[in-house]
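Shown next, in structure tokens, is the structure this report addresses.
The values are calculated or read from the model by the stated rules, or taken from the named source; none is laboratory data. Computed from a prediction, not measured in an experiment: that's the story for all the values here. All Cβ positions, glycine included, derive from the backbone under ideal geometry; neighbour counts span all protein chains shown.
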Amino acid sequence: MDSTTSPLEAVRARIAAAARIAGRKPTAITLVAISKTHEAPAILPLLAGGQRIFGENRVQEAAAKWPPLREAYPDVALHLVGQLQSNKAEEAVALFDCIHSLDRPSLLTALARAMDKAGRRIPCFVQVNIGAEEQKGGCAIADLPALLAQARAADLPLAGLMCVPPASIEAAPFFALLAKLADDNGLSPDSGGGLSMGMSEDFEVAIQLGATHVRVGSALFGGRA
Ligand SMILES: *Cc1c(COP(=O)(O)O)cnc(C)c1O
């Protein structure tokens, strides 16, 4: 990459290269640009470069930042990638087009009710606590089948599975496990399910292992304060 290559172009090229190595089509992978903590001046160059799918991890921050940007770019899609409190479900359903952090029955009930009320159903990834970490969001692997059954019963559109593997150790086995769980639960990419996995440090290996949505922040925006 020469010095005139933008971070967005560089990440797109890396996604395409990883897809080719895996024998997949680059268009099978959706780049979700994680713009949390970054303000409009940092986001506008990506919008100008054609990026339209962005991720935020806080409802409040997204509600403050995105309405004016969306006025200028009405085809933007916003994804929520952070933990969601049930009492913010209505606000989240109004603001976001996809949720990556559905992880418990009480939140599922709140989201289903909010979607009924809004007359708008938005796809949800079920987040799995893939490394069984105490402090992390995500449903336990053992609880996944019941949560998926509840989602199907509530007619919640399931986008697939999502994970954030433990920090500072090799992510590949966790990505492989998430792909296996999707297969086992009728959510494999072949059956219309998705895999939201891979961040700046590891999105290429996630693509090798079947990611359909990579959530990339710092490789696009630089570091966060
Ligand atoms: C912040 C965040 C990302 C992006 O992380 P980077 O390492 O900056 O790419 C992805 N997923 C989730 C859930 C996040 O909170």
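Counting only residues that are of a type in the set (S, T, N, Q) and either within 15 Å of the chain's Cα centre (by Cα) or within 16 Å of the ligand (Cβ to nearest atom) (or both), segment 181-202 holds 2 of them. Against the numbered list (1) over 16 Å from residue 77 (Cβ atoms); (2) more than 13 Å from the ligand (Cβ to nearest atom), residue 47 comes up short only at (1). Based on what the data block shows, is residue 15 touching a helix residue (DSSP H, G or I) at 6+ places or on another chain (Cβ under 7 Å), within 14 Å of the ligand (Cβ to nearest atom), at pLDDT 95 or above and under 14 Å from residue 214 (Cα atoms)? In short, yes. Set side by side, the residues 81, 93, 76 differ, and just one is away from the ligand (no atom under 16 Å from the Cβ), over 14 Å from residue 154 (Cβ atoms) and not hydroxyl-bearing (Ser, Thr, Tyr), which is 76.
Residue 141: surrounded by 14 or more Cβ atoms within 10 Å (Cβ to Cβ) and touching a His at 6+ places or on another chain (Cβ under 9 Å), yes or no? So residue 141 does not fit the description; no.
Mind listing just one residue for me: the one in segment 203-221 that is near the ligand (Cβ under 9 Å from one of its atoms) and crowded, with 19+ Cβ neighbours inside 10 Å and, of those, farthest from residue 21 (Cα to Cα)? Among those that are near the ligand (Cβ under 9 Å from one of its atoms) and crowded, with 19+ Cβ neighbours inside 10 Å, it is 221. Contact annotation: residue pairs with Cβ atoms under 7 Å, 6 or more positions apart or on different chains, pairing a residue in segment 156-185 that is among the polar types (S, T, N, Q) with a partner that is exposed (fewer than 15 other Cβ atoms within 10 Å of the Cβ), are 185/145.
Every listed requirement among (1) surrounded by fewer than 20 Cβ atoms within 10 Å (Cβ to Cβ); (2) not in a helix (DSSP H, G or I) is met by residue 38 save one, (1). Would you confirm whether or not segment 85-106 contains a residue that is crowded, with 18+ Cβ neighbours inside 10 Å, of a type in the set (Ser, Thr, Tyr) and either outside any helix (DSSP H, G or I) or over 19 Å from the mean Cα position of the chain (by Cα) (or both)? Checked against the condition, which is being crowded, with 18+ Cβ neighbours inside 10 Å, of a type in the set (Ser, Thr, Tyr) and either outside any helix (DSSP H, G or I) or over 19 Å from the mean Cα position of the chain (by Cα) (or both), segment 85-106 yields at least one hit.
Please indicate, with yes or no, whether at least one residue in segment 136-156 is at pLDDT 95 or above, within 14 Å of the ligand (Cβ to nearest atom) and among the hydrophobic types (A, V, I, L, M, F, W, C). So far as segment 136-156 goes, no, none of its residues is at pLDDT 95 or above, within 14 Å of the ligand (Cβ to nearest atom) and among the hydrophobic types (A, V, I, L, M, F, W, C).
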